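Let me begin by presenting the structure, written as structure tokens, before commenting on it.
Readers should treat all values here as calculations from the given coordinates under stated rules, not as data from a laboratory. Keep in mind that this is a model prediction, so the values were computed, not measured. No Cβ is skipped: glycine too gets one built from the backbone with ideal geometry, and neighbour counts run over all protein chains shown.
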Amino acid sequence: MPELPEVETVRRDLAVALRKRRIESVELPFPGSLRGAGRNGFVRQLTGARFAGARRRGKFLILGLDSGQSLVVHLKMTGVLQHQKADDSLPKAARIIFYFRDGTRLVFSDQRKFGTVRLCGRPEQLPDIGALGPEPLTRSFTPLALGARLAGRRAPVKAALLDQTVVAGLGNIYTSEALHRAGILPQRPAGKLSIAEVERLHRSIRSVLEAAIKARGSSVNTYRDGRGERGWFQTAHRVYDRQGRKCKRCGCVIVRETLRGRGTYWCPGCQR
DNA sequence: AATCGTTCCTGATAGC
DNA sequence: TGCTATCAGGAACGAT
């Protein structure tokens, strides 16, 4: 599933691939992916618009347009946004297609139909984006800021980290990976971590996200980058999807358990 | 304010 | 072999 490193990889790919491209036409095989404006307004406002910049906030991808509006995309579980050549085959789950003059196209595909695409004027004013916690790779994300967001919470720290108002961009893969790197059990109450533990967690979140971006993300399932290719950080996972296998650090057997309805992975040897 | 249950969806897999 | 039931999960939403 696309989390911060995957969305950031797509952003970087598309910032280059779409630069100054003008949308010639739009096709909507599945308008259900749209949020906000209806299909007619969507097509009308985008036809003729030119791409101008690609940003990211948490797991939201924000594609700017010269009209001043932005396309706000959330890939959720299985969304893929890729720039295709004219002779590439269209994905089976194509939901929205933007065609360019040279025959290439930007395709939003989504097997499970959870992903959303919205055209809006001020993305930061959308409630979902406005409520997001700090960006973990910016200077505003400090150990103190993380500690303040976790304070008073009795929920398991894994569940707290999945809450996008605590930190923006973490999902099921990187919460488990960061907690392993920090040596903290996912079940620990979020508000009861020591200062040293919060500092380790802060450092681990940053380091695992940075490493994953360098590896162009984790292709566990359907994730593909902006060019339609896989990432390789899944080969560096220390706990995620490794239940029953040995911890690379201490040799203990990795455990998987459902916590708050989410698959959760940890090493009983390294994490306490 | 925090937290919990429900909902959306479909491919993969387990069980018979 | 082929059918059916179950599972996976991000996050909005309503309820507590």
Q: Within chain A, what's the longest run with no chymotrypsin sites (Phe, Trp or Tyr not before Pro) in a DSSP loop and at most 15 other beta-carbon atoms within 10 Å? Give the range, please.
A: A:115-231
Q | Stokes-Einstein diffusion coefficient of the stretch A:1-53, Kirkwood radius over Cα pairs, 25 °C, 0.890 mPa s, in µm²/s | A | 191
Q. At q = 0.18 Å⁻¹, what log₁₀ I(q)/I(0) does a Debye calculation on the Cα points of the stretch A:136-183 give, no solvent, two decimals?
A. -0.53
Q: Under 15 Å from the Cβ of A:GLN125, count the other residues' Cβ atoms, weight Lys and Arg +1, Asp and Glu -1, and hand me the total.
A: +3
Q: Rounded to the nearest 10 degrees, what's the angle between the helix A:172-182 long axis and the longest principal axis of chain A, both from Cα atoms, 0 to 90?
A: 40
Q. How many angstrom separate the Cα center of the stretch A:82-135 from the Cα center of the stretch A:241-272?
A. 34
Q | Charge tally in the Cβ shell below 12 Å around A:MET77, where Lys, Arg are +1 and Asp, Glu are -1, A:MET77 excluded | A | +1
(Q) I need the calculated FRET efficiency for the pair A:ALA131 and A:ASP87, taking r as the beta carbon distance and R₀ as 35 Å, to the nearest 0.05. (A) 0.25
Q: Count the DSSP beta bridges whose two residues both fall in chain A, then state the antiparallel fraction as a percent rounded to the nearest 5.
A: 95
Q: Return the inverse of the average 1/r over all pairs of distinct C-alpha atoms in the stretch A:135-226, which is the Kirkwood hydrodynamic radius, in Å to one decimal.
A: 13.3
Q.
Can you give me the Rg/Rh ratio for the stretch A:28-109, using Cα atoms for both radii and the Kirkwood formula for Rh?
A. 0.93
Q: Starting from the Cα-Cα distance between A:THR47 and A:VAL16, subtract it from 0.36 nm times their residue separation and give me the gain in nm to one decimal.
A: 9.1 nm
Q | Of A:LYS20/A:LYS85; A:LYS76/A:LYS192; A:LYS192/A:LYS246; A:LYS92/A:LYS214; A:LYS158/A:LYS246, pairs whose Cα-Cα distance is over 24 Å | A | A:LYS76/A:LYS192; A:LYS192/A:LYS246; A:LYS92/A:LYS214
Q. Just the C-alpha atoms of the stretch A:186-272: what Rg/Rh do they give, with Rh taken as the Kirkwood radius?
A. 1.00
Q. Relative contact order, percent, of chain A when contacts are C-alpha pairs under 8 Å separated by at least 6 residues?
A. 19
Q) Using bins 10 angstrom wide from zero, how does P(r) for the stretch A:30-166 break down, in % of all Cα pairs? A) 11, 35, 31, 16, 7, 0
**Q.** Cα coordinate range in the stretch A:92-144, projected on the principal axes (Å, largest first)
**A.** 49, 27, 22
Q. Hey, what do the phi angles of the stretch A:77-93 turn into as Karplus ³J(HN,Hα) couplings, whole Hz, using 6.51/-1.76/1.60 and θ = phi - 60°, x for Gly and Pro?
A. 7, 10, x, 9, 10, 9, 8, 10, 6, 4, 9, 5, 7, 5, x, 4, 9
Q: Sticking with the crude label model, points 7 Å out along Cα→Cβ, report the distance from A:THR142 to A:GLU210 in nm, one decimal please.
A: 1.8
Q | Sorted largest first, extent of chain A alpha carbons per principal axis (Å) | A | 56, 36, 29
Q.
Can you tell me which of A:ILE195, A:ILE173, A:ILE254 moves the most in a GNM of chain A? Springs connect C-alpha atoms under 10 Å apart.
A. A:ILE195
Q: DSSP loop (so not H, G, I, E, B), at most 13 other Cβ within 10 Å: list which trypsin sites (Lys or Arg not before Pro) in the stretch A:118-216 pass both filters.
A: A:ARG139, A:ARG154
(Q) Let's test the formula: R0 of 25 Å, r as the Cβ-Cβ distance of A:ARG112 and A:THR258. What FRET efficiency results, to the nearest 0.05? (A) 0.80
